[in-house]
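Okay, structure first, notes after.
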Amino acid sequence: MAAAVPLLKKMTGWWRQVRSTAPSSASPANACEEGRLPESGERTEVPKEWAGTLLRLAGVESVPTLAPQEGLPVIGVARAALARFADDPQRLPRRPQMLPQLLGALNDADASGRDIAGIIARDPALAANLLKLANSALYRRHAAAIESLDRAVAVVGVEGLRHLVAVALMQPVMRTESGVFGRLPHLIWDHTQHTAVIAAGLARASGREQVFVAQLAALQQGLGAIVVVQALRDACADAGGALPDAPSLQRLLQHWSPRMGGAIARAWGLSAPVIEALAGQRDPGAAAMGPLARILATAAAQASAELEGVPQADAA
């Protein structure tokens, strides 16, 4: 848990924005009007590209890469690994047992701290992580250790509980390394956080349930992206550490992230709208995408545009 605390600090505030932050009107991603789910038949342009920005911020353009043809075997190995992951739920990240119920409670203004503590108590791993978080330097304010879940919920608050969910999603797949593959997972989570905030703002007018689905879809795509990076990192290591060219990396990350996110969502038993929103990222045109798929695509592109304005030293 100690390794996760700096990441928790980086995440401070983003969950808080979900209910209050609307998409920026200055962003180029204007396919969906603020606070409205678009109709499936609308033919407005939906910008989908988001992966190239993360690769640039990770420094891919500043390191030697293989020529496109030379990098094909590495890309092929990564794709094969991802296909195996997608077809075998045992290879995918474990779902925190009570994740859907916990996220639902955190989005319910009427849920009490005791209600939330009761949900967490039913998942030993989440309960242990909550107590560790409450007793970390980030939250602990007194010498006496916090040993009850009710007290831990009160100490960390809703913001801390949302951090807990992000860590629960992140821990199975996050590694700390240097170089491009050290920065990419951190950038992906920054991007995921921005995407979830923007997607929630776009879905807000259609009700809490749609906001919840939009958040989950963004989180699953981000988790899928980290699985893609893991497969690519392993493939590059087997090939002596050389990276494929940036366009090939971009295509791999852009195509496989929602696919892996969808595979994880199915393995975790998440709702059909979440899975459909992720599947819609592979549709060729805006008219073929469902409303939530269009919101996710718009939010992901806008999040990349916003991150590109962040100095690289602050992005990782």
For region 173-292, the fraction of alpha-carbon pairs in successive 5 Å shells from zero, as % | 2, 11, 19, 22, 19, 12, 8, 4, 1, 0, 0
Under the 7 Å Cα-to-Cβ spin-label approximation, residue 112 and residue 128 lie apart by a distance in nanometres of 3.0 nm
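Computed FRET efficiency, Cβ-Cβ of residue 208 and residue 150, R0 22 Å: what is it to the nearest 0.05?
On the way: r = 25 Å, r/R0 = 1.14.
Result of the calculation: an efficiency of 0.30.
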Report the calculated FRET efficiency for residue 242 and residue 90 (r = Cβ-Cβ distance, R0 = 30 Å), to the nearest 0.05.
-> 0.50
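Once the Cβ-Cβ distance between residue 140 and residue 62 is put in as r, and R0 is 45 Å, what FRET efficiency do you end up with, to the nearest 0.05?
Numbers: r = 40 Å, r/R0 = 0.89.
The value I calculate is 0.65.
Computed from the coordinates by the stated procedures, all read-outs in this text should not be read as laboratory data. Keep in mind that what you see is a predicted model, and the values were worked out from it rather than measured. Neighbour counts run over all protein chains shown; Cβ positions are idealised from the backbone, glycine included.
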